[in-house]
Amino acid sequence: MRISFLSGGKNRRIIPVLLGFLVLSVLAVAQDLPTAKAESVGLSSDRLARIDAAVQLSIDDKRIAGVVTLVVGHGKVAWFKAQGRADREAAKSMPPDAMFRICSMTKAITSAAVMMLYEEGRFLLDDPVSKYLPQFKNPKVLVKPASGEPYTIPATKEITIRDLIRHTSGTTYHWNDDLGPMYEKAGVASGLLEYDGTIADMVTHLAGQPLLFNPGDRFEYSLGVDVLGRLVEVVSGKPLDDFFPTRIFEPLGMKDTYFYPPDNKLDRLATAYTYYPDKGLNRFPDTPIREGSFVYSADYPTRGPKKLFSGGAGLVSTAMDYAHFCQMTLDDGKVGNTHIC
């Protein structure tokens, strides 16, 4: 997965996002999403047409199975097209409302939820997270000497909410060679695998593991946003699968965004594929893929206990729904005249 955000002009009207076989380009999306000719919103029809050719080339080269692209300018849809297959083996065409596993694009939504509660005065960003999640009190840092067994020492400071937001908490992901095996052994969830537990369980297991470094010392992309998801639950008194719909999805008109899509929408969930230069494009296997201590699957939204609401990776959404969320962020937290955050 690769995600990039680029700003264009004074009003930051351009946000390209690339996610596996989902390509979503958003300039500005109003809630009613009217359509318009490209030139009327400052875009070029000829240049937008290049999207079609570029995407089709990747499909023809069998690097991806299918794509949905969406370009909206000044609140009006100038380009919206589905290409390729949602399921290559079943010859199922990609629909414009296809649902995708948005993985770490979940993090932006969880972070918005955190800032909503912050603006309500529910906590301060420099509060230690242990004030709300006591299991994080007195963290320890892993030390790996040049010889001998690793050991831990007390951290010089506690993890703050700000640390979690900016990925300076000292936590990491399972792919880290030092802590990944410890995470797996302790039952820490990544959010991309069936898990028989809740986010409260996952965060408790994570809190029992050492940190890579003292909080605030450096950046490490991490499970800290899952900790933020649990913070939202504790502070709001609502599970994430309640807070997100009532406070974010419903006000924004995001009708196809879920942790676990309902049965009547599962046929719109795009099939996941892997691509390796030496193996080509292949349907995601029925068994999880293991890369060291990082294990992930594609069936977590549809199978298993379905009780983990991963704030860092767990959501499923559509191009149109995520465009609504992006527009809210461009409009300083507003939907029309209503402030969401």
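The values are calculated or read from the model by the stated rules, or taken from the named source; none is laboratory data. If you're wondering where the values come from, they're calculated on a predicted model, not measured in any experiment. Every residue, glycine as well, gets a Cβ built from its backbone with ideal geometry; the counts of neighbours run over all protein chains shown. SASA here: full protein model, heavy atoms, side chains in, ligands and nucleic acids out. Shrake-Rupley method; radii C 1.70, N 1.55, O 1.52, S 1.80 Å.
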Sole exception among (1) closer than 21 Å to residue 223 by Cβ; (2) open to solvent by less than 20 Å² (accessible area, probe 1.4 Å); (3) part of a strand (DSSP E or B); (4) of a type in the set (S, T, N, Q) for residue 169, by number: (3)
Residue list for the stretch 119-130, restricted to those being loosely packed, with under 15 Cβ neighbours inside 10 Å and either among the aromatic types (Phe, Trp, Tyr) or without any contact (Cβ under 8 Å) to a residue 12 or more places away in the chain (or both): 120, 121
Sole residue being open to solvent by 20 Å² or more (accessible area, probe 1.4 Å), part of a strand (DSSP E or B) and among the β-branched types (Val, Ile, Thr), chosen from 152, 156: 152
Filtered residues of the stretch 287-313 (kept if in a loop (DSSP other than H, G, I, E, B) and over 29 Å from residue 242 (Cβ atoms)): 287, 292, 293
Candidate set from the stretch 135-146 (those that are without any contact (Cβ under 8 Å) to a residue 24 or more places away in the chain and open to solvent by less than 90 Å² (accessible area, probe 1.4 Å)); member that is nearest to the chain's Cα centre (by Cα): 143
Residue in the stretch 79-118 that is farthest from residue 231 (Cα to Cα), counting only those that are assigned to a strand (DSSP E or B) and open to solvent by less than 20 Å² (accessible area, probe 1.4 Å): 83
Long-range neighbours under 7 Å by Cβ, at least six apart or interchain, first residue farther than 17 Å from residue 189 by Cβ within the stretch 305-329, second of a type in the set (S, T, N, Q) and assigned to a loop (DSSP other than H, G, I, E, B): 317/257; 321/257; 324/31
Answer from 35, 69 - the residue that is touching a residue at least 12 places away in the same chain (Cβ under 8 Å) and either open to solvent by 30 Å² or more (accessible area, probe 1.4 Å) or in contact with a Phe, Trp or Tyr (Cβ under 6 Å, 6 or more places away or on another chain) (or both): 35
Residue that is within 21 Å of the chain's Cα centre (by Cα), surrounded by 19 or more Cβ atoms within 10 Å (Cβ to Cβ) and not β-branched (Val, Ile, Thr), where the choices are 163, 201: 163
Residue list for the stretch 172-192, filter: in a helix (DSSP H, G or I), in contact with a Phe, Trp or Tyr (Cβ under 9 Å, 6 or more places away or on another chain) and either at pLDDT below 95 or open to solvent by less than 60 Å² (accessible area, probe 1.4 Å) (or both): 180, 183
Inter-residue pairs, beta-carbon under 9 Å, first more than 17 Å from residue 297 (Cβ to Cβ) and in the stretch 267-282, second basic (Lys, Arg) and surrounded by 14 or more Cβ atoms within 10 Å (Cβ to Cβ), 6+ apart: 267/92; 280/63; 281/63; 281/88
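Yes/no per residue for (1) exposed (fewer than 11 other Cβ atoms within 10 Å of the Cβ); (2) in a helix (DSSP H, G or I); (3) at pLDDT 75 or above:
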{"position": "9", "(1), (2), (3)": "yes, no, no"}
{"position": "12", "(1), (2), (3)": "no, no, no"}
{"position": "17", "(1), (2), (3)": "no, no, no"}
{"position": "48", "(1), (2), (3)": "no, yes, yes"}
{"position": "52", "(1), (2), (3)": "no, yes, yes"}
{"position": "63", "(1), (2), (3)": "no, no, yes"}
Residue list for the stretch 257-282, filter: in contact with a strand residue (DSSP E or B) (Cβ under 6 Å, 6 or more places away or on another chain) and surrounded by 14 or more Cβ atoms within 10 Å (Cβ to Cβ): 257, 258, 261, 268, 269, 270, 271, 273, 274, 275, 281
Hits in the stretch 124-149 - residues which are of a type in the set (Gly, Ala, Ser) and in a loop (DSSP other than H, G, I, E, B): 146, 147, 148
